[in-house]
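The values are calculated or read from the model by the stated rules, or taken from the named source; none is laboratory data. Just so it is clear, the model here is predicted, and its values are computed rather than measured. For neighbour counting, all protein chains shown are included, and Cβ atoms are generated from backbone atoms with ideal geometry for every residue, glycine included. Accessible surface areas use protein heavy atoms only, side chains included; no ligands, DNA or RNA. Shrake-Rupley method; radii C 1.70, N 1.55, O 1.52, S 1.80 Å.
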Amino acid sequence: MILDATVTVLEIYKKYPKHVWRYELGKRITADAYKNGVGIAAGSDSDQKTFVQHEMKLLVKECGLSPFDAIISATKHSAMATGIFNTEGSIEKGKKANLLFLNKNPTTDVKNINDVYLVIKNGKLYNSK
C-alpha cells in the first residue's frame, strides 16, 4: 500500500486561516500512515523542477519521515504509485538509468538534495552547471 501524500499541494492552505485545517489534516494522515508502515509517495503530482525536493523536505520536517525514507518516497514509492516501478524507481539491471549524484549526503540532511553534482536521465549525462 502506498499513500500519495500530496503534502506540497496542500501547503497552499497554510495561507488561509479558514482552510489551514486541510494542510494540518494532510500532514497528520501522512505522519500516521508512515508510523504505521504505509509507504509514502512524494512528487507524483507535478513535474515542476523543484517540486519533488520540496515535498521531500516537507515530509521530513512536517510528517516525521527520516531523510532516507523521504528518498525512498521520491524514488521507489513514487514509481510504485504511478505504475512504473518495473522500469524505474530503483537501481536494477534493465531499468532506466535515471540517477542523481549529489555533492553532499542527503541522508544526514534532506536539504542536501538540492546540491546536485550530476544527473543521468534516460542514460544521458547532464551537468548541473
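In this structure, is Lys111 closer than 14 Å to Val52 by Cβ and open to solvent by 80 Å² or more (accessible area, probe 1.4 Å)? For Lys111, the condition - closer than 14 Å to Val52 by Cβ and open to solvent by 80 Å² or more (accessible area, probe 1.4 Å) - is met. Within segment 114-127, the residues that satisfy the criterion of being of a type outside the set (Asp, Glu) and either out of contact with any Leu (no Cβ under 9 Å at 6 or more places or on another chain) or surrounded by 13 or more Cβ atoms within 10 Å (Cβ to Cβ) (or both) are Asn114, Val116, Leu118, Val119, Ile120, Asn122, Gly123, Lys124. For segment 52-92, a residue qualifies if it is assigned to a loop (DSSP other than H, G, I, E, B), of a type in the set (Asp, Glu) and buried (at least 18 other Cβ atoms within 10 Å of the Cβ), and exactly one does: Glu88.
Among the conditions (1) touching a Cys at 6+ places or on another chain (Cβ under 8 Å); (2) open to solvent by 50 Å² or more (accessible area, probe 1.4 Å); (3) not in a helix (DSSP H, G or I), Tyr34 misses just one, which is (3). Of everything in segment 93-108 that is of a type outside the set (S, T, N, Q) and under 14 Å from the mean Cα position of the chain (by Cα), the residue that is most open to solvent (accessible area, probe 1.4 Å) is Leu100.
The set of residues in segment 4-19 that are open to solvent by 50 Å² or more (accessible area, probe 1.4 Å) and either of a type in the set (A, V, I, L, M, F, W, C) or free of Cβ contacts under 8 Å to residues at least 60 places away in the same chain (or both) comprises Val9, Ile12, Tyr13, Lys14, Lys15, Tyr16, Pro17, Lys18, His19.
Of everything in segment 12-58 that's acidic (Asp, Glu) and modelled with pLDDT under 90, which residue is nearest to Asp69 (Cα to Cα)? Among those residues, the one meeting the criterion is Asp45.
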